[in-house]
Amino acid sequence: MLTQEKQAPTLPETDTVISGSQALLHALQVEGVDTIFGYPGGAIMPIYDALYDFEGDLKHVLVRHEQGGIHAGQGYARASGKVGVVFATSGPGATNLVTGLADAQIDSTPLVCITGQVFAHLLGTDAFQEADVIGITTPVTKWNYQITDATEIPEVLAKAFHIARTGRPGPVLIDITKNAQLQKFNFQGYTPCDHIRSYRPKPIVRQEYIKQAADLINSAQKPFVLWGQGVMLGSAEQEFKAFLEKSGIPAAWTIMGAGALPTDHPQNVGMLGMHGNYGPNVMTNECDVLIAIGMRFDDRVTGRLDKYAKQAKVIHLDIDPAEIDKNVKTTVPVWGDCKETLPLLTQLVEQKQHSEWLAKFREFEQKEIDAVIREELFPTSAEMTMGEVIQQLNELTQGEAIIVTDVGQHQMVACRYAKLNQTRSNITSGGLGTMGFALPAAIGAKFGAPHRTVVAVIGDGGVQMTIQELGTIMQSGIDVKILILNNQFLGMVRQWQELFHERRYSFVDITSPDYVMVAQGYGISGRKIDQREDLTNALQQMLAHPGSFLLEVMVTKENNVFPMVPQGCSVSEIRLK
Amino acid sequence: MPEQAPIAREEHNITVYTENHIGLLNRIAMIFSRRKINIDSLNTSPSEIEGIHRFNIVINETEEVVSKIARQIEKQVEVLKVYYNTNEDVIWQEMALYKVPTDVIAEKVKVERLLRENGARAVVIRKDYTVFETTGHREETDNLIKILQPYGLIEFVRSARIAIIKDSDGFNRKLREFERTEPGHEVVENEYLNSREKVFTM
């Protein structure tokens with residue numbers, strides 16, 4: 001076997017004859033791609049053959065399932081801020097990407113997915129491993145395109161990266177027929193794309209709307225900021241902080257926005273939505289001016305829309321005009337990139353404190369601590385709670401780790417209680433709610449942010465959906481900490497069954513394998529604990545372990561996540577128990 | 001049950017300028033089907049500008065729904081511009097073809113008169129059948145079906161609606177703006193905020 005360091009080919013001069021596959025890989029080089037998550041197969045073999053020579057520049061991570069590949073791409077993109085790149089073959093390889101595409105589309109994650117496709121002359125003949133990938137992925141991509149001729153590759157790839165990363169980011173899929181991958185053509189160089197005439201990634205900011213927004217804010221007695229992932233997607237964390245600190249306005253986050261402002265910032269009043277904090281939900285219906293920044297008023301955030309912030313004037317800052325007035329009618333739309341609009345707004349707002357108003361949030365927080373938080377984080381019960389595990393983890397990581405969560409009760413607990421000091425530290429499947437997201441996304445996150453500690457917090461349901469990615473960890477040698485919070489139930493569904501279906505626990509009782517033994521089979525160290533006195537020590541062991549480590553913590557079976565805004569209720573009807 | 005206010009659904013004409021791109025029809029159609037909205041009429045054909053296609057889509061929905069749909073269409077990468085208008089704001093036509101037995105036309109003077117009164121024009125005259133064409137609104141073309149039915153109407157077909165927006169100065173100037181990397185001061189984008197309720201555009 002060849003083991004010597006391979007030098008990747010450099011970009012060929014114009015008029016060099018190369019294959020479509022080579023042109024594709026050169027495009028990735030120019031776009032600054034360093035990692036590809038993928039899985040080979042018949043219709044993408046020419047690309048993989050060319051990739052063999054590019055190993056020095058393009059690290060390929062062999063996943064165990066294409067869904068794992070795309071979630072890893074998402075984790076990479078979310079942790080690094082760069083475009084995630086995913087390879088898959090035609091037919092089943094491509095259809096396995098669909099869940100990840102839908103997830104990336106709803107959570108605005110920049111991805112470029114390359115799928116192989118059957119030879120162009122076989123399209124539509126029900127050829128082996130043929131699927132209508134463009135048709136199937138159209139509703140779950142920002143843009144997709146099928147290439148049947150190699151000469152199209154440079155231009156289409158340049159468009160793909162431009163579309164994926166600009167404006168409101170999103171997933172792009174490029175389907176390349178096998179003949180185009182093999183075809184030799186006269187390469188004319190690669191020029192990154194910066195303009196598409198039918199595509200305006202961001203508008204020119206309208207000063208008069210900035211002025212109107214500032215006037216509203218300056219005259220407000222009880223202004224309230226809601227922020228989402230847009231602050232991070234726009235790399236506007238500093239601008240956001242400056243705006244908040246000058247205006248003195250309390251601010252709450254959607255789970256996609258968590259971490260854009262440090263958890264312990266004095267104006268950070270907590271999480272919004274169904275399992276968010278008490279104060280922010282109640283105050284949404286008390287404030288006089290609501291300032292939404294890079295968020296989209298998801299139904300899990302707003303609860304019942306016709307009773308949502310009806311008393312407030314609404315200012316909505318968003319880069320996507322389709323979001324303005326979509327769910328909540330806006331008084332002042334500030335359409336634009338918040339990296340540009342926030343500083344303009346900061347200039348015009350008056351320096352204020354809003355101390356009394358902020359203190360009201362803290363009063364509600366105290367009520368929530370007394371009713372929910374204290375018992376969750378420092379329980380007096382015999383069994384461990386999910387909250388105390390997260391609390392202990394906070395103590396040990398000091399809020400410096402990237403927390404990747406799956407979907408369900410543990411996700412809500414982790415998002416509520418995780419301490420986040422840095423931006424891009426909370427990676428979760430927000431809009432689509434994809435169970436099985438966390439393990440592969442954590443792998444991708446570690447590749448995207450290799451110097452940070454990555455902890456995947458996963459339930460016993462979700463981990464079994466993509467557990468095969470332990471193989472990816474084994475083979476790549478990546479260092480991911482896997483923290484399974486096992487309550488022996490599909491806990492969130494069970495909670496709803498308890499509250500709304502007369503405790504008819506229909507098919508939520510899920511059994512688990514011996515996770516430590518499974519991990520061992522993959523050469524990954526692990527430990528299982530069910531006693532509180534072992535918790536700190538076990539978490540320390542996990543974090544200190546060189547390389548990946550799986551820690552399974554048995555937690556109380558029938559705990560519920562509170563507070564809760566029941567479905568169909570207004571945010572002010574939030575329940576503490 | 002409390003009485004609900006009637007939902008103000010109305011026919012809306014959505015005009016979409018797009019690049020000529022495979023799969024875009026599907027992408028646009030899915031925006032409607034995802035929301036379980038029926039497309040009553042759809043016409044797509046090259047516009048006056050080379051390489052740019054124009055869609056005319058008719059749906060029966062409230063203004064609120066139509067405006068949100070328009071934004072979702074506009075958001076697609078290959079869509080240049082979207083307008084939506086009620087029937088009062090457009091001049092619209094549908095074309096219809098009617099195939100009738102020639103002997104009936106030849107023998108019954110009354111039929112020929114009816115056709116002329118309805119503005120029909122003969123496109124093809126053969127020994128066995130004749131094809132007439134009319135253009136007009138739905139009621140007009142429907143009316144002629146009723147008239148011809150007793151005289152042995154053999155076949156009928158109607159086109160999708162095409163519509164010209166009364167208050168529009170075409171697309172040529174706008175396209176030039178789109179082609180500039182840095183849009184000028186007069187950029188089309190601003191129209192959205194100026195007349196938020198009426199036109200969606202970026």
Item to check | Test: residue in the stretch A:193-208 that is of a type outside the set (Phe, Trp, Tyr), away from every other protein chain (no Cβ under 12 Å) and on the phi < 0 side of the Ramachandran plot | outcome: no
Checklist outcome for this item: Expected single match for over 23 Å from A:Thr434 (Cβ atoms), outside the structural domain of A:Lys446 (by TED's automatic domain parsing) and surrounded by 14 or more Cβ atoms within 10 Å (Cβ to Cβ) among A:Ser525, A:Ser572 is A:Ser572
Checklist entry - Does A:Ala88 satisfy being at pLDDT 95 or above, buried (at least 22 other Cβ atoms within 10 Å of the Cβ), among the hydrophobic types (A, V, I, L, M, F, W, C) and under 18 Å from A:Ile443 (Cβ atoms)? => result yes
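Conditions tested, residue by residue: (1) modelled with pLDDT of 95 or more; (2) touching a Gly at 6+ places or on another chain (Cβ under 8 Å).
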residue	(1), (2)
A:Gln7	no, yes
A:Ile18	yes, no
A:Ala27	yes, no
A:Gly32	yes, no
A:Pro40	yes, no
A:Met45	yes, yes
A:Asp57	no, no
Checklist entry - Which ones in the stretch B:25-53 are within 14 Å of another protein chain (Cβ to nearest Cβ) and either touching a helix residue (DSSP H, G or I) at 6+ places or on another chain (Cβ under 6 Å) or touching a residue at least 40 places away in the same chain (Cβ under 8 Å) (or both)? => result B:Asn26, B:Arg27, B:Ile28, B:Met30, B:Ile31, B:Ser47, B:Ile49, B:Ile52
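Results for (1) assigned to a strand (DSSP E or B); (2) over 24 Å from the mean Cα position of the chain (by Cα); (3) within 28 Å of A:Ala382 (Cα to Cα); (4) in contact (Cβ under 8 Å) with a residue 60 or more places away in the chain, shown as yes or no for each residue.
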{"position": "A:Gln541", "(1), (2), (3), (4)": "no, yes, yes, no"}
{"position": "A:Leu551", "(1), (2), (3), (4)": "yes, no, yes, yes"}
{"position": "A:Glu558", "(1), (2), (3), (4)": "no, yes, yes, yes"}
{"position": "A:Phe562", "(1), (2), (3), (4)": "no, no, yes, yes"}
{"position": "A:Ser572", "(1), (2), (3), (4)": "no, yes, no, yes"}
{"position": "A:Lys577", "(1), (2), (3), (4)": "no, yes, yes, yes"}
Checklist entry - Looking at the stretch A:218-229, which of the residues that are within 15 Å of A:Glu286 (Cα to Cα) and more than 30 Å from the chain's Cα centre (by Cα) is nearest to the other protein chains (Cβ to nearest Cβ)? => result A:Ala220
Item to check | strands (runs of 3 or more DSSP E) contained in the stretch A:73-159 and holding at least 2 residues touching a helix residue (DSSP H, G or I) at 6+ places or on another chain (Cβ under 6 Å) and away from chain B (no Cβ under 14 Å) | outcome: A:84-88, A:111-117
Checklist entry - Within the bounds of the stretch A:329-336, is there any residue that is without any contact (Cβ under 8 Å) to a residue 40 or more places away in the chain, within 12 Å of chain B (Cβ to nearest Cβ) and farther than 18 Å from A:Phe243 by Cα? => result yes
Checklist entry - Can we say A:Thr177 is under 20 Å from A:Pro40 (Cβ atoms), more than 11 Å from every other protein chain (Cβ to nearest Cβ) and buried (at least 20 other Cβ atoms within 10 Å of the Cβ)? => result yes
Checklist entry - Could you count how many residues in the stretch B:63-99 are farther than 20 Å from A:Trp335 by Cα and either assigned to a strand (DSSP E or B) or more than 14 Å from chain A (Cβ to nearest Cβ) (or both)? => result 16
Checklist outcome for this item: Residues in the stretch B:171-201 that are within 12 Å of B:Tyr83 (Cβ to Cβ), in a loop (DSSP other than H, G, I, E, B) and either modelled with pLDDT under 75 or at the interface with chain A (Cβ under 9 Å from one of its Cβ atoms) (or both) total 6
Checklist entry - Could you say whether any residue in the stretch A:17-34 is of a type outside the set (Phe, Trp, Tyr), part of a strand (DSSP E or B) and within 24 Å of A:Ala438 (Cβ to Cβ)? => result no
Checklist entry - Among the listed residues A:Lys326, A:Lys339, A:Lys360, which satisfies the condition of being part of a loop (DSSP other than H, G, I, E, B) and of a type outside the set (A, V, I, L, M, F, W, C)? => result A:Lys326
Checklist entry - Restricting to the stretch A:444-477, what's the tally of residues that are β-branched (Val, Ile, Thr) and within 17 Å of A:Ile70 (Cα to Cα)? => result 5
Item to check | Residues that are assigned to a strand (DSSP E or B) and under 17 Å from the mean Cα position of the chain (by Cα), drawn from the stretch B:133-170 | outcome: B:Thr134, B:Thr135, B:Gly136, B:Val157, B:Arg158, B:Ile162, B:Ala163, B:Ile164, B:Ile165
Next on the checklist: A:Ala23 - would you say it is modelled with pLDDT under 90 and under 32 Å from the mean Cα position of the chain (by Cα)?
Outcome noted: no
Next on the checklist: If I filter the stretch B:37-50 for residues that are acidic (Asp, Glu) and in a strand (DSSP E or B), do I get at least one hit?
Outcome noted: no
Checklist outcome for this item: Among helices (runs of 4 or more DSSP H) entirely within the stretch A:206-294, at least 2 residues that are under 25 Å from A:Gln411 (Cβ atoms), touching a helix residue (DSSP H, G or I) at 6+ places or on another chain (Cβ under 9 Å) and modelled with pLDDT of 95 or more occur in A:230-233, A:237-247, A:278-284
Checklist outcome for this item: By my count, strands (runs of 3 or more DSSP E) wholly in the stretch A:448-536 with at least 1 residues that are free of Cβ contacts under 8 Å to residues at least 24 places away in the same chain are none
Checklist entry - Which ones in the stretch B:5-22 are outside any strand (DSSP E or B), within 14 Å of chain A (Cβ to nearest Cβ) and touching a strand residue (DSSP E or B) at 6+ places or on another chain (Cβ under 7 Å)? => result B:Asn20
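The values are calculated or read from the model by the stated rules, or taken from the named source; none is laboratory data. Small disclaimer: the values here were computed from a predicted structure and weren't measured. Every residue, glycine among them, receives a Cβ derived from its backbone with ideal geometry; neighbour counts consider all protein chains shown.
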